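Bear in mind these aren't lab numbers, they're just calculated from the coordinates by the rules spelled out. Keep in mind it's a predicted model, so treat the numbers as computed, not measured. Ideal geometry is used to build each Cβ from the backbone, glycine not excepted, and the neighbour counts take in all protein chains shown.
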Ligand code: AMP
Ligand code: MN
Ligand code: MN
């Protein structure tokens, strides 16, 4: 049997960790399972090294992840002093929001750990691995490299990040190596089926109510399927800041769709755009050009409103890239 290929973190990143004591771990705004899993997994790993980490995120970590060790110790505001910042699962400094802004004037070293192909390399040391399934998978590689044995806590956080970012190991970036890592984490005591049950098999009632209002608004044209979610829909269904990639993934599974998009109006009058595509169609470039980022098949950005003009602009850009990609590759099928 092929053994697990090691993935080596930059020596300078490891040196930054070894030389630090109080470490701020910051993950992205509107956090998802990989944000929570990679940040809390790294925190558990650093405790094993007798460091004093604090997990920071501008927005509260989503409630379904409350079972993860360290969840309740995560903070929205930085309370120093710190001697190192580690960013996880964020492709640019804006994605880290206020906690980074609060600490940035202190000129601390910054170690960036990420797997987005659109990462802008904003750290003192950058470790960006677009082939990794998730930022959490890189925490596994860090544990191996730093010879920290996988406790149940570390393994549970990492596996949660991996399972959420791959929607239960179903995305096109899942490889044999991903499955070897999942096996190692499961062998270390991470409860695979319990995690799946908790974070992939549940929807809240507000989510379902929002879907019920968003689905009649679905449009499909030239291979792109989309819907819009207004601020008032979010308010009266009770879905406030909850991250929900479920709806856009559901739309992208519709026959004849190559690209799915959900446009969500924010309280500030901006529009959050969540995009997915079928394997072979790349949407990361469009998201990056609009000031956002992501992966070839899952990307996003936030642009100025109103909803109607934002929708028109983004659908036009997606139609253009899709036509180009279809012309260049006649094998592409939705
Ligand atoms: P989502 O649709 O929100 O689940 O996001 C899909 C992917 O796009 C994730 O990898 C996000 O990190 C990335 N993404 C979403 N919004 C943004 C943004 N405003 N800037 C950069 N990356 C984003
Ligand atoms: Mn994420
Ligand atoms: Mn991720």
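Antiparallel as a % of all DSSP beta bridges within the chain, to the nearest 5?
Here the share of antiparallel DSSP bridges comes out near 45 percent.
Would you mind estimating how fast the stretch 11-200 diffuses translationally, via Stokes-Einstein at 10 °C and 1.306 mPa s with the Kirkwood radius over Cα pairs, in µm²/s?
D, rounded to a whole number, is 99 µm²/s.
Tell me, what is the FRET efficiency for residue 320 and residue 49 to the nearest 0.05, using R0 = 41 angstrom and their Cβ-Cβ distance as r?
Taking R0 as 41 Å, the efficiency between residue 320 and residue 49 is 0.25.
Go ahead and estimate [θ] at 222 nm for the chain from helices alone: -39,500 (n - 2.57) per DSSP H run with n ≥ 4, summed, over the residue count, rounded to 500.
Value at 222 nm, helices only, nearest 500: -11500 deg cm²/dmol.
At a Förster distance of 45 Å, what's the computed FRET efficiency of residue 194 paired with residue 106, Cβ-Cβ distance as r, to 0.05?
0.70
State the Cα centre-to-centre distance between the stretch 301-334 and the stretch 82-99 in whole Å.
Centre-to-centre distance over Cα atoms comes out at 29 Å.
Please give the helix 152-165 orientation as an angle from the longest Cα principal axis of the chain, in degrees from 0 to 90, rounded to the nearest 10.
Compared with the principal axis, the helix lies near 20 degrees.
Suppose R0 equals 30 Å; then what is the FRET efficiency for residue 303 and residue 72 from their Cβ-Cβ distance, rounded to the nearest 0.05?
Once the sixth-power term is evaluated, E becomes 0.30.
What's the exposure ranking of 250, 67, 288, going from fewest to most Cβ atoms within 10 Å?
Arranged by neighbour count, lowest to highest, 250, 67, 288 become 67, 250, 288.
Suppose a student asked you for the relative contact order of the chain, using Cα pairs under 8 Å spaced at least 6 residues apart; what percent would you report?
This gives 14 percent for the chain.
Arranged by the count of other C-beta atoms within 10 angstrom, fewest first, what order do 92, 59 take?
59, 92
How much of the DSSP beta bridge set in the stretch 205-305 is antiparallel, as a percent to the nearest 5?
Roughly 75 percent of the DSSP beta bridges within the stretch 205-305 come out antiparallel.
Under Stokes-Einstein, with the Kirkwood radius over Cα pairs standing in for Rh, what whole-number D in µm²/s applies to the chain at 10 °C and 1.306 mPa s?
Result for D is 78 µm²/s.
For the stretch 11-200, what's the relative contact order in percent, using C-alpha pairs closer than 8 Å and at least 6 residues apart?
After rounding, I find 23 percent.
So how far, in whole Å, is the C-alpha centre of the stretch 117-162 from the one of the stretch 251-292?
Comparing the Cα centres of the stretch 117-162 and the stretch 251-292, I get a distance of 25 Å.
Counting other beta carbons within 10 Å of each residue's own, what order do 286, 128 fall into, fewest first?
Starting with the residue having the fewest Cβ neighbours, the order is 128, 286.
Distance from a point 7 Å along Cα→Cβ of residue 177 to each backbone N in the stretch 110-134: keep the residues under 16 Å and list them by number.
Counting only backbone N, you get 114-117, 127-134.
Pairing the Cα long axis of helix 33-48 with the longest principal axis of the chain, what angle in degrees results, from 0 to 90 and rounded to the nearest 10?
The two axes meet at around 0 degrees.
Mind pulling the angle between the C-alpha long axis of helix 205-214 and the longest principal axis of the chain? Nearest 10 degrees, somewhere in 0 to 90.
Long axis of 205-214 versus the principal axis of the chain: about 30 degrees.
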